[in-house]
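**Q** Here's a structure for you.
Coordinate-derived values only; no laboratory data. Note that this is a predicted model, so its numbers are computed, not measured. A quick note on method: Cβ atoms are made from the backbone with ideal geometry, for glycine too, and the neighbour counts reach across all protein chains shown.
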Amino acid sequence: MTTASSQRVPSPWEGVRWALQPGAAGGGTSRLRLACRALRAALWHGKAMRRWMAVVFELHARGIVREIPGEYLRAVRPYVHRATGFGERVVQLIDHADWLETAFHPAAFEQLASGRPVLLAELAAPRGYDFMRLQLQQAGAQSPEGELLLTLTLQRSANVQHRPQPVDAGVLGFSRFRVDGVSCLVIGGVRGQRHPVLRMSTVEVTQALQGWNPAVLMVRVAQELARHWNLHLIGLDPGAHRLQGWSYQWSRRHRAAGRRIRASYRALWDHFNAGKGPPGWLVVPPHSDEKLAATALSPEKRARQTRRADYWIRTRNLLRLQFRQVLQRPGREARLSRVTESLGPVSADEEVFESSGSHERVPARVLQTGPASLL
């Protein structure tokens, strides 16, 4: 009987119990609120939640998912886009899970599924650092901004710091799912350092990156990922962030955090000249400048711009070389999956978003450091 029960797909009602367990809180949600959301999902969206539970159970049986409760609760937690309902969130998660296995070579996918980061580029570490890396890894179950994390990780050398630890100087959270029938790499959030102790100054990080703002560099790498996977790149409209919802406006702390996020994201998307997209999303141009046509600048300014451009070109070449080793280019037959099709209609002919910012940019704008600090 024990063996039979262990092989049975759990009911969505189990999600209510899992939400009440210690450690379920996080991602801006308390255990009580999470349990209420799990109850609502089981009552009014039972079909979608049962389907997601079956998918999670299958992925766990195949060794791709390590724990069922945390993965199931991804569909219950509030997504960063506040207009996303339970059914839509399930479709997004299954769409992402179906795509993930086609996006990486087998060895890299196994490494990612085991919880280890996949190296995208080993950047030239400046003096006083052991390494500086761009990596991809799975996001924690409590992350509301995406299922994958692109991280910029640095570590000082032992000669500079006693017992040095790696520091995430920049993190970009993203997923892959379809928006209005179009396959998109969806940026849910870009942030800087969050660890209260293991930190580096903004000046130190900028110098290590040859003048680049980490957030700007991360979006440039996301552009390269979208190009390799043949996806459209979209980012969250700060006005659609869940902290802008009325239920969060009662808290002074949430209001202040919402204002900071709105200002930071707006500055970043203006920096890339992102255009209006589907409700709650902004379309990020797939290309940025690399030719340095800012001829009216002073020689000193041009020299700084040239250093930034050279640094990005070297980084881009490293990325494209590594992409071929760890990432796949999914064919059209892998774009539409039977699991996702069963949950929502998909247009056979994908339409392309119209974006006013899809043309080539003036070189100096994108090569400058970011105009605001991101959370």
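**Q** For every other residue with a beta carbon closer than 11 angstrom to the beta carbon of P69, add +1 if it is Lys or Arg and -1 if Asp or Glu, then tell me the sum.
**A** Value of the local net charge: 0.
**Q** Here is a follow-up. Using the 10 angstrom Cβ neighbour count as an exposure proxy, how do I187, I68, I234, I313 rank, fewest first?
**A** I313, I68, I234, I187
**Q** Given Cα pairs under 8 Å that are at least 6 residues apart, what percent is the relative contact order of segment 175-240?
**A** Averaging sequence separation for qualifying contacts and normalising by length gives 44 percent for segment 175-240.
**Q** Using Cα-Cα distances under 8 Å and only pairs 6 or more residues apart, what relative contact order does segment 2-77 have, in percent?
**A** Relative contact order comes out at 33 percent.
**Q** Based only on other Cβ atoms within 10 Å, what is the fewest-to-most ordering of T29, T102?
**A** In increasing order of surrounding Cβ atoms, one gets T102, T29.
**Q** Can I ask one more? Give the shape of segment 27-186 as rounded, prolate or oblate, defined through the alpha-carbon gyration tensor: a ≥ b ≥ c are the square roots of its eigenvalues, a/c under 1.5 means rounded, and otherwise the shape is prolate if a/b is larger than b/c and oblate if not.
**A** It is prolate, given that a/c is not under 1.5 and a/b is the larger ratio.
**Q** Right, here's the next one. What is segment 206-284 by shape, rounded, prolate or oblate, if you read a ≥ b ≥ c off the alpha carbon gyration tensor as root eigenvalues and call it rounded for a/c under 1.5, prolate for a/b larger than b/c, and oblate otherwise?
**A** Since a/c reaches 1.5 but b/c is at least a/b, the shape of segment 206-284 is classed as oblate.
**Q** Distances longer than 21 Å among the Cα atoms of segment 2-77: what percent of all pairs is that?
**A** Beyond 21 Å sits 23 percent of the P(r) for segment 2-77.
**Q** Ranking Y72, Y248, Y79 by Cβ neighbours within 10 Å, fewest first, what do you get?
**A** Least crowded to most crowded, the residues run Y248, Y79, Y72.
**Q** In addition: Once you put a point 7 Å from the Cα of T306 and another 7 Å from the Cα of V203, both along the Cβ direction, what distance in nm separates them?
**A** So the two model labels end up 2.6 nm from each other.
**Q** Loop-only trypsin sites (Lys or Arg not before Pro) in segment 144-201, please: DSSP not H, G, I, E or B, and at most 12 other Cβ atoms within 10 Å.
**A** Of the trypsin sites (Lys or Arg not before Pro), the ones in loops of segment 144-201 whose Cβ has at most 12 other Cβ atoms within 10 Å are R194.
**Q** Moving on to the next point. Once you have a ≥ b ≥ c as the square roots of the Cα gyration tensor eigenvalues for segment 29-68, tell me rounded if a/c is under 1.5, and otherwise prolate or oblate according to whether a/b is larger than b/c.
**A** It comes out oblate by the Cα gyration axes.
**Q** About the Cα centre of segment 2-77, how large is the charge dipole given +1 on each Lys and Arg Cβ and -1 on each Asp and Glu Cβ? Please answer in debye to the nearest 20.
**A** That gives segment 2-77 a dipole magnitude of about 240 debye.
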